[in-house]
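Working notes, structure below.
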Amino acid sequence: MYRIFIVEDDDAIAQAVCAHIASWGMQPCAARDFTQVMREFSAFDPHLVLLDISLPFYSGFHWCQQIRRVSKVPIVFISSASDNMNIVMAMTMGADDFIAKPFDLTVLSAKIQALLRRAYDFSGQTQVIEHGGVMLSRADTFLTYGEEKVSLTRNEYRILLTLMERAGQIVSREALMERLWETDSFVDENTLTVNVTRLRKKLDALGLSGFIATRKGQGYIIE
């Protein structure tokens, strides 16, 4: 049973989300002490976190950073502060998705289930994809190059995996977004841009500058 940790200070929203998640056969837990979110996170050991931005004491951005220091668990921001700056900041800090309030509970549960499938169901595939000395395993989210091993976020991993699977071909931004979210609904273009930029910085640090090339108006390619 998947465990979902909800960090939301509006009790009515938190309880409604908990009830809906439970009806889908998952185990919800709403944060109670907003000064001890990490302690509750560690005790519950969730498979996915729903995180509001505006919280008592510390913002959701703070807790996202704290969680990312110790875990790769999928994080979904749920917030009425859905302007582009907040979305970009959330994705930059390691979030996997952003859902604007007010939201439909069925859409929320569909997003949660899609993220859980991508995060935990690898269908037994263990092969490694290699291109230009870069190795990417389907069994985890690590990139290996020479003696270096770098951790990727799930979004970065999906982008690189898609491009490596189609090495030599231009992959459109639309195709990458569909791979990331399984649907292009509720997706902001900034999400993809931020993740590609972050991935390129990690590749640059390994001496792989230019590994992902941009084809203006068409998409990206690994040549």
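The values are calculated or read from the model by the stated rules, or taken from the named source; none is laboratory data. Fair warning: this is a prediction, and the values are worked out from it, not measured in the lab. Don't worry about glycine lacking a Cβ; one is built from the backbone with ideal geometry, like all the others, and counts go over all protein chains shown.
Annotations
- Within the stretch 140-178, the set of residues being loosely packed, with under 14 Cβ neighbours inside 10 Å and not in a loop (DSSP other than H, G, I, E, B) comprises Phe142, Glu148, Lys149, Ser151, Glu174.
- Scanning the stretch 8-54 for residues that are of a type in the set (Phe, Trp, Tyr) and more than 25 Å from Tyr120 (Cα to Cα) turns up just one, Phe34.
- Criterion (at pLDDT 90 or above, hydrophobic (A, V, I, L, M, F, W, C) and buried (at least 16 other Cβ atoms within 10 Å of the Cβ)) met by exactly one of Val134, Val196, Val187: Val196
- Residue among Ile6, Ile67 that alone is buried (at least 20 other Cβ atoms within 10 Å of the Cβ) and in a helix (DSSP H, G or I): Ile67
- Selected residue (criterion: surrounded by the most Cβ atoms within 10 Å (Cβ to Cβ)) from residues of the stretch 86-106 that are part of a helix (DSSP H, G or I) and within 17 Å of the chain's Cα centre (by Cα): Ala90
- Tyr120 satisfies every condition listed in (1) modelled with pLDDT of 85 or more; (2) surrounded by fewer than 19 Cβ atoms within 10 Å (Cβ to Cβ) except (1).
- Criterion violated by Gln65 - all others in (1) closer than 20 Å to Met177 by Cα; (2) free of Cβ contacts under 8 Å to residues at least 60 places away in the same chain; (3) out of contact with any helix residue (DSSP H, G or I) (no Cβ under 9 Å at 6 or more places or on another chain) satisfied: (1)
- The one condition from (1) within 28 Å of Glu189 (Cβ to Cβ); (2) surrounded by fewer than 15 Cβ atoms within 10 Å (Cβ to Cβ); (3) of a type in the set (A, V, I, L, M, F, W, C) that Ala12 does not meet is (1).
- Qualifying residue in the stretch 43-51 (condition: free of Cβ contacts under 8 Å to residues at least 12 places away in the same chain and assigned by TED's automatic domain parsing to the domain that holds Asp104): yes
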